[in-house]
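Chemist: Dropping the structure in here first, questions after.
Taken together, the values in this text are just the output of simple stated rules run on the coordinates, not laboratory data. Note that the coordinates shown come from a computational prediction; the quantities given were computed from them, not determined experimentally. Glycine also receives a Cβ, built like all others from the backbone with ideal geometry; neighbour counts cover every protein chain displayed.
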Ligand SMILES: [Ca+2]
Ligand SMILES: [Ca+2]
């Protein structure tokens, strides 16, 4: 893959320079108008579409290489071309564009590789199909407006919040908003500005994407868009969502670790992080039985209610590869993953 990318870059770098591709000047008034027209025609931002034609393809790679070479390609949508959002256009954006075209799994979200919450915690992001997820569990103690919220750290130990994120009951997570079954949920909850809590169906979309990516069959049956199917679903999709960090992971290397955060040891049901979701087992806070499950299970809220007392969640566990969908008590404390709006 790296060789292919390198060859493509070399090919276009060498040949397009000679061809003098797109040497027009953006300061030309006609060009500026055409550029603005193209921008206004775009209903939503298509990151990587550096030549502003509404499509993501090899021509965008060409445009960005030409931009780097000082050839002033016109039109050129610089805000769509800076995929790693570092304020400059260079070879990293070329590689990112190629990876986007090739749909390489686990890429950071184009234009937003990280997101920072009100407390200053920085989270990596990951693009999974059409969804942009936080790659880590939320750990904030304040909402996007700066108000304190009821964040709980496992066993009241702040280190667990650093490693696995905070635990929040459903009411805290929703931050006063009403339940939602739509896609997207439209519920910001305690997520940063521009982000929202996933609905039950948005989790379903992720599950179906992973199911298909693994080449599994019956994805519509295993992960249906309904509010009736409960229990253990799928086959190995849970393992595909897990971080590979595990005690004695058979994958070895950095995946095999005793350091937090990590999953408890298992010889066959280890995570392999197929799409970059990197799920970690933050455990849960119960009302009557204390804190349970750190290292052995991760639980994530959705915005979707079943009744006034129960809401849908997802649950992944260390000794199995399936994903659990159920509707536990809203008073339980679980992890949160946010989605980009
Ligand atoms: Ca394009
Ligand atoms: Ca850049």
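Chemist: Give me the one-decimal nm value for the distance between modelled label points at residue 85 and residue 264, 7 Å along each residue's Cα-to-Cβ direction.
Modeler: About 3.7 nm separates the two model spin labels.
Chemist: Can you give the helix-only mean residue ellipticity at 222 nm for the chain, where every DSSP H stretch with n ≥ 4 adds -39500 (n - 2.57) and the sum goes over all residues, rounded to the nearest 500 deg cm²/dmol?
Modeler: Details: 10 runs with 92 residues, N = 341.
Calculated mean residue ellipticity at 222 nm is -7500 deg cm²/dmol.
Chemist: Follow-up. What is the percent of Cα-Cα separations in the chain that go past 26 Å? Working shown, then result.
Modeler: Numbers: 30798 of 57970 pairs.
In whole percent, the share of Cα-Cα pairs in the chain beyond 26 Å is 53.
Chemist: Quickly rank 162-168, 271-277 as a protection proxy: mean count of other C-beta atoms within 10 Å, highest first. Mind showing how you got there, number by number?
Modeler: Numbers: 162-168: 24.0, 271-277: 21.7.
In decreasing order of mean packing, 162-168, 271-277 become 162-168, 271-277.
Chemist: What are the extents of the Cα atoms of region 200-308 along their three principal axes, listed from largest to smallest and rounded to whole Å?
Modeler: 41, 40, 19
Chemist: A further question on this structure: Could you calculate the FRET efficiency of residue 232 with residue 78 from 1/(1 + (r/R0)^6), where r is the beta carbon distance between them and R0 is 41 Å, rounded to 0.05?
Modeler: Working: r = 48 Å, r/R0 = 1.16.
Working from the Cβ atoms, E equals 0.30.
Chemist: Continuing with this model, one more query. When you count, for each residue, the other Cβ atoms within 10 Å and take the mean per peptide, how do 254-261, 188-195 rank with the highest first?
Modeler: 188-195, 254-261
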